[in-house]
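Following: one structure in structure tokens, then a few remarks.
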Amino acid sequence: MQFGSPHRSRLIRRARGVSPIIATILLVAITVVLAAVLYVLVSGLSHGTTSVPLGSELVAGPATPAVGTAATNAFCESGHYCYSVAVDEAGHGIPIDNLAFRVLESTGAVHVVSKNYAMISIVNEKNAVLAYSQVKKNTGFTVSDWEKYESGASGTTSLTSLEVIWIQFGNTASSPFGTGKTLEILGTGSYSGSVNVALP
């Protein structure tokens, strides 16, 4: 007695599975795809440790000459000649500890403070000082860290477009000082490069 047709037994034989060669190729392909996905994930996580060009995050200036008054005495002493540099754009928020400053001569050399002391301050929209550093007479006008934080600020406080960078040379308004020089804002830590602002 016959229980099945020859046609049916052929169908059963064909449905046994894939050949060992095709199985090996599929296994290799799946391994390559998984390795590629893992590489993309790991490289995406480690991307945060690379430095970001400061020029792509910070837009500042132009510099505006100003004479200190009683209202600006904390960052531009009354009667002194200063510059204010508005922060127009600060990317996703640059921690103020990731910024350093230099004042350069037209030759590119660092300016040497010649009278009293110089100072760089970051001031918010309410004229409150967030951070400042003084530079002593006869030393190069560079600020690589903040001497003091104020108004609840710290090194991790982010620079915003509401703030202003003030530069005081320690010279009186009767002898304007700084014309032709350049404020160089340098990125540190996770930022690299610099932004230059001409002092008129």
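Would you call residue 133 surrounded by fewer than 22 Cβ atoms within 10 Å (Cβ to Cβ), closer than 18 Å to residue 60 by Cβ and without any contact (Cβ under 8 Å) to a residue 24 or more places away in the chain? Criteria met by residue 133. Residue pairs whose Cβ atoms lie under 9 Å apart, sitting 6 or more positions apart in sequence or on different chains, and linking a residue in the stretch 16-30 that is on the phi > 0 side of the Ramachandran plot and at pLDDT 75 or above to a partner that is aliphatic (A, V, I, L, M) and surrounded by 10 or more Cβ atoms within 10 Å (Cβ to Cβ), do not occur here. Restricting 114, 151, 106, 144 to those that are among the hydroxyl-bearing types (Ser, Thr, Tyr) and under 18 Å from the mean Cα position of the chain (by Cα) reduces the list to 144. For the stretch 125-137, the tally of residues that are over 16 Å from residue 73 (Cβ atoms) and not in a strand (DSSP E or B) stands at 2.
No other residue among 178, 108, 170, 152 is at positive phi, outside any strand (DSSP E or B) and either surrounded by 15 or more Cβ atoms within 10 Å (Cβ to Cβ) or out of contact with any strand residue (DSSP E or B) (no Cβ under 9 Å at 6 or more places or on another chain) (or both) apart from 178.
Of all the residues in the stretch 181-199, those that are under 16 Å from residue 102 (Cα atoms) and in a loop (DSSP other than H, G, I, E, B) number 4.
A quick yes/no check of all residues on (1) surrounded by fewer than 12 Cβ atoms within 10 Å (Cβ to Cβ); (2) at pLDDT 95 or above:
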| residue | (1), (2) |
| --- | --- |
| 72 | no, no |
| 79 | no, no |
| 101 | no, yes |
| 118 | no, no |
| 123 | no, yes |
| 126 | yes, no |
| 137 | no, no |
| 143 | no, yes |
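Taking the stretch 177-200 as the range and being in contact (Cβ under 8 Å) with a residue 60 or more places away in the chain and β-branched (Val, Ile, Thr) as the test, the residues that pass are 182, 185, 188, 195, 197. For residue 52, the requirement of being surrounded by 10 or more Cβ atoms within 10 Å (Cβ to Cβ), under 24 Å from the mean Cα position of the chain (by Cα), at pLDDT 90 or above and farther than 30 Å from residue 171 by Cα is met.
The values are calculated or read from the model by the stated rules, or taken from the named source; none is laboratory data. None of the values given here were measured: they were computed from a predicted structure. So basically every Cβ, Gly included, is an ideal-geometry build from the backbone, and we count neighbours across all protein chains shown.
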